[in-house]
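Bear in mind these aren't lab numbers, they're just calculated from the coordinates by the rules spelled out. Since the structure is predicted, the reported quantities are computational estimates derived from the model, not experimental observations. Using ideal geometry, Cβ is built from the backbone for each residue, glycine included, and neighbour counts are taken over all protein chains shown.
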Amino acid sequence: MRVDRFLSNLPRFNRKQVRLLLVERRVTVDGAVVSDPHHEVRAFSRVCVGDEVLQAGKPARYFMLHKPQGCVSATSDPQHPTVLDWLDEPDKDELHIAGRLDFNTTGLMVITNDGQWSRRLTQPHTKLPKVYLVETEQTIGAEYAETFVKGLYFAFEDLTTQPAELEVLGPTTARLSIIEGRYHQVKRMFGHFDNKVIGLHRERMGPLELDAALAPGEYRALTDDEIRQV
């Protein structure tokens, strides 16, 4: 939200008063003086007029987790452990998952409380690739890559998938890059050839690559540089 709109929405300020506060450079956002009415105020921003705090803000939090098998991509589940159970962090109920993985799929999982940031990472229109290491039951043929780059029709959603890139690494292993996250998409793509996926591991989401130092079940905070890249 624009800072002038944020201030105008408060009952104590009218638009004229807001313009004056900005001109007089009495408004700060996250410690920096703001005079531009278009300056963005987010849920995590600390907004002050003089010494008075109008919005305390909350620290934005960003983590990468090496998801192990056997846990669900949910914040709570009555039957199974969740990915949040691997995090030793306060106020975990404020966090959400950016891009879910199936129960037995492993690899990079991103967890945050910044909804706007996570949407940039996961929405198809941003065209950030999601890269998976795939192991199949049967041999992967050359026709797979040709079909995936053209897109596959999914009758359930009545849509054709966006072009995907396939790099064959071995007879039954490949690296697949997609920009969507349809329901069981990778398994359904290989299922088009009646080839069952028996192993699936997410290596990368956009600019974020799973830290090789993280064992399954381990996590770390993202660096400032990683956060800015999204």
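Table for the structure above
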| quantity | calculated |
| --- | --- |
| Peptide ranges 82-90, 220-228 listed from the most packed, as the mean C-beta count within 10 angstrom indicates | 82-90, 220-228 |
| Paired Rg and Dmax values of the range 22-67, which use every Cα atom, in angstrom | 13.8, 50 |
| Built amide H within the under 5 Å cut-off of ARG46, gap 5+ | ASP30 |
| Debye intensity ratio in log₁₀ form over the Cα atoms of the range 42-152, taken at each q of 0.15 Å⁻¹ | -0.82 |
| Positive dipole terminus of the chain, leading residue within PHE13, TYR219, GLY141 (C-beta point charges) | PHE13 |
| The chain - convex hull of the alpha-carbon atoms, volume per residue in Å³ | 167 Å³ |
